[in-house]
Every structure is written in structure tokens, then in C-alpha cells.
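Report on the structure given below.
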Amino acid sequence: MKPPKNRPHVLVFDSGLGGLSIVNALIEQKLGVDVFHLADTAFFPYGEKADETLILRVPTVIRAGIEATSADLVIVACNTASTLALDGVRAQVDIPVVGVVPAIKPAAALTRTGTIGLLATPKTVTRSYTDQLIAAFSDGKTVLRHGAVGLAGAAEAKLAGETPDPEIFQAAMSGLFDQKGGEAIDVIVLACTHYPLVQAELEALAPHPLTWVDSGAAIARRTAHLLQDQMDQGATALRSGLTTGGADEATRRVLVGFGFQTTQALNVEFQL
């Protein structure tokens, strides 16, 4: 049964639980909307899947999520999915779709040394879309990239109450600062929605004070703009967390602990 509706429904979609960093931003903005979170846990992590498969799967899962939640707007809270499948999603749904891409432009405005660190998944750092963002918005700055292995999984482990391997965080920071010119980095772009969830762990390993940039606040502002005539004056309400991974009790515990009222499994029919 679809949820009752008396104000806008926003669906936040991610391969796992990284979308919770975007949910945090929506809460901080106090948008008068109901929020649903859809985690495609049956296919996590996206960074290890073939691009061609994700281009087909992402719109399919999102369509199922929109149907289940009566969503008025969907946030594709995954850099991998956004850089690959955003156009495909928009072609297949009739509601606004907000994507999340590396925050190169604001980072370029904040750096004082002219050197920016881009921390992303191994595939995101090499995508042509990322190349285009850097060319368009870095304004002659130096952008040092590192594809962090296991960092999204470490964020998932932290959310589940586990202790991630500290070597994962060390490797992520070393991957940036050990590069030639890395000592000049003064701004780091967290180009995966999972990464703000472990910013404290990364920040503890920084060789000097840094400015950290992610897309959460900008996505919340864009959402408010698109729904400005529909929102009420109430605070953001967390309605339901959905997962595609069947009896995924660990994910459901995280979602309930985060504040979602209910959780449910979402059946998605997908064939290659």
C-alpha cells in the first residue's frame, strides 16, 4: 500500500547507505517534506559493477522506488549512478531528478593554495564526466585525484556499529597527500555520498587543517527550489527506508536507528 500523502515526498536513492549524508542535509535545511531512502543493497557496491549494467539497472530500481513511495522528486545520491545514468533516469520518469556530482566548482572557489584533493571511488576519478567538471570549473587550479578502495564499505561498517579497518582511512589520505604537490592541498572534495559519513576519521589523519566539501547542502537547496511551492512549514520527516536486498536486517536497523519510521523490502524485477 502506498503511503498517505499531504506534502511532497522526496526519494533519496543510493547503492547503499551513503544517501544518508544527503538526508542529513535535507534535515538541516528543515524542508517541509517527507523523505524516503532507497538503498539498492542487492547490487552494492556500484563501484565494482560494469557501467553497462548500471546504466540499465539504476532507472529500473528508481522507477520501482517512485511507484512504492509516490515520490514527487528523486535525488540520485550516488556519484557513480549520477555520472552514468542520470540522463537515462530522467528519460524514464516524469518527476524532477536531482543528481549528485563531484563538487569541483565550490572547491575551486575555496582553495587558497590552488591545489584541490578529489577523493572518490576508483571509477569516478577516471570518468570523462569528472574530467569535464575539472576542465569547466577548476579555473586553472591543480586537482589531485585518488580513487579510494574500501572507503564506502568502511562507512557502511561504521553505520552498522562496527569498527572499520583504520588502514582504509590512512590509505585514502596517503593516496592524496603522497602525490607530487600533495602537501599543498587545502581543500578536499568528498566525491561519494558515503564519504561525509566518515569525514571525522579522515580529518583526524590530515597533515594540516583542511576545508572539506561535499554536495549535501547544494542538493538540499536545489530540492527546496524545485519544491518551493509545495512544501509546508514543518520539519523534514523521515518516513520509510527501502532496500532491495531482501532480508537485509543490518541495513534496516541502521535506517530505523537513523530515524526512519519504518523499513521495507522493495522487489525489483531486473534482467540483463
Taking region 134-181 and keeping residues touching a strand residue (DSSP E or B) at 6+ places or on another chain (Cβ under 6 Å), of a type in the set (A, V, I, L, M) and in a loop (DSSP other than H, G, I, E, B) leaves ALA148
Please specify each residue of region 24-44 satisfying the condition of being surrounded by fewer than 21 Cβ atoms within 10 Å (Cβ to Cβ) and not β-branched (Val, Ile, Thr).
-> ASN24, GLU28, GLN29, LYS30, GLY32, ALA42, PHE43
Scan region 64-106 for residues that are under 19 Å from ALA191 (Cβ atoms), among the β-branched types (Val, Ile, Thr) and touching a Phe, Trp or Tyr at 6+ places or on another chain (Cβ under 9 Å) and jot them down.
-> ILE75, VAL76, THR80, THR83, VAL101, ILE104
So is ASP232 loosely packed, with under 14 Cβ neighbours inside 10 Å and either in contact (Cβ under 8 Å) with a residue 24 or more places away in the chain or closer than 28 Å to ASP34 by Cβ (or both) or not?
-> yes
The helices (runs of 4 or more DSSP H) lying wholly within region 182-272 that contain at least 3 residues that are modelled with pLDDT of 90 or more and either touching a Ser or Thr at 6+ places or on another chain (Cβ under 9 Å) or over 18 Å from ALA77 (Cβ atoms) (or both) are 199-203, 249-258
Residues of region 49-63 being out of contact with any Gly (no Cβ under 9 Å at 6 or more places or on another chain) and either basic (Lys, Arg) or surrounded by fewer than 19 Cβ atoms within 10 Å (Cβ to Cβ) (or both), which ones?
-> LYS49, ALA50, ASP51, GLU52, THR53, ARG57, THR60, ARG63
Any residue in region 91-110 that's at negative phi: show its pairings with residues that are of a type in the set (Phe, Trp, Tyr) and buried (at least 17 other Cβ atoms within 10 Å of the Cβ) at Cβ separation under 6 Å, as long as the two are six or more apart or on different chains.
-> ILE104/PHE137; LYS105/PHE137; ALA108/PHE137
Exception for SER21 within (1) surrounded by fewer than 24 Cβ atoms within 10 Å (Cβ to Cβ); (2) within 22 Å of THR130 (Cα to Cα) falls at (1)
Filtering region 151-163 down to residues that are surrounded by fewer than 19 Cβ atoms within 10 Å (Cβ to Cβ) and in contact (Cβ under 8 Å) with a residue 12 or more places away in the chain yields GLY153, LYS158, ALA160
ALA200 hydrophobic (A, V, I, L, M, F, W, C) and out of contact with any helix residue (DSSP H, G or I) (no Cβ under 7 Å at 6 or more places or on another chain) | yes
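The values are calculated or read from the model by the stated rules, or taken from the named source; none is laboratory data. This is a predicted model, so every value here is computed, not measured. Neighbour counts run over all protein chains shown; Cβ positions are idealised from the backbone, glycine included.
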